[in-house]
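Read through the structure below, which is laid out as structure tokens, and then see the notes.
The values are calculated or read from the model by the stated rules, or taken from the named source; none is laboratory data. Quick caveat: nothing in here was measured; it's all calculated off a predicted structure. With ideal geometry, Cβ positions are generated from the backbone for all residues, glycine too; neighbour counts draw on all protein chains shown. Note: areas computed on protein heavy atoms with side chains; ligands, DNA, RNA excluded. Shrake-Rupley method; radii C 1.70, N 1.55, O 1.52, S 1.80 Å.
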Amino acid sequence: MVRLAGLLALAPFKAEAGCRLALLLALDISSSVDPGEDALQRAGLAAALAAPEVQAEFLSVPDLAVALAVYEWSGRYQQRVVLPWQILDSPEAILGAAEAIAGSRRSYAAFPTAMGFGLGFGARLFDSAPDCAARTLDISGDGINNDGFGPELAYRNFPFQGITVNGLAIGGGSPSDTEVFAFYRDRVIRGPGAFVEIARDFADFERAIRRKLMREVAARVYGGTVSVPPSGG
């Protein structure tokens with residue numbers, strides 16, 4: 001496995017796209033997330049995007065950028081876009097996105113965990129995404145579905161064709177870490193190479209999301225052919 005340097009002529013992307021990955025991040029703002037934890041989540045994501053090693057991965061293929069959007073989710077109808085789709089093709093663009101996320105404030109605080117609705121909202125956001133070669137939804141949370149339909153029905157009834165879903169399971173709360181991690185592993189992730197990253201608690205969110213972003217946006221060469229796995233596996 002070799003780091004991509006300049007073999008763009010071999011890339012199996014749509015040449016007209018100019019975008020190798022549309023990456024959509026979903027942040028949990030359900031009632032189990034207190035104000036301090038919400039602040040850690042937003043600051044952690046912003047810090048991860050600003051980290052030099054993460055920026056290097058985003059910019060590793062100059063002619064094929066990564067598009068990023070972020071939304072928050074909790075109850076059945078409590079979803080809101082935090083960062084509209086942005087093409088992150090320069091350090092300035094990445095830092096601008098990080099600043100917007102760091103300066104954002106949650107819209108809701110007293111609603112349950114309706115993950116099926118949250119996933120469905122994310123699927124529809126890809127309708128307005130740039131034309132990228134791959135699409136990944138990265139959903140994070142500290143609980144399991146406890147309102148409305150679950151992930152299985154969302155995947156059957158919303159347009160998830162060609163979308164990989166990765167998970168970031170956050171421990172340290174209730175239900176138990178084991179239950180949350182198993183829920184994400186068994187019912188949330190979807191698609192070839194999909195994976196779950198684990199944060200011990202919200203204080204560990206920055207480390208976990210930094211590691212996850214690097215894995216998701218990495219471009220590598222397999223057997224002489226440029227490939228961007230949907231999950232970065």
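Here is how the numbers come out for the structure above:
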quantity	calculated
Interchain or long-range residues, amide H under 5 Å from VAL82's placed H	VAL70, TYR71, GLU72
Probe 1.4 Å, accessible area per residue of the chain, Å²	41
Table column - 3J(HN,Hα) (Hz), region 59-66, Karplus curve with 6.51, -1.76, 1.60, x for Gly and Pro	9, 6, 10, x, 8, 9, 7, 10
Relative packing of peptides 103-109, 46-52 - highest average C-beta neighbours within 10 Å first	46-52, 103-109
Peptides 72-78, 30-36 ordered by average Cβ neighbours within 10 Å, highest first	72-78, 30-36
Structure-derived Kirkwood radius over Cα pairs in Å - corresponding label in (1) 18.6; (2) 18.0; (3) 17.5	(3)
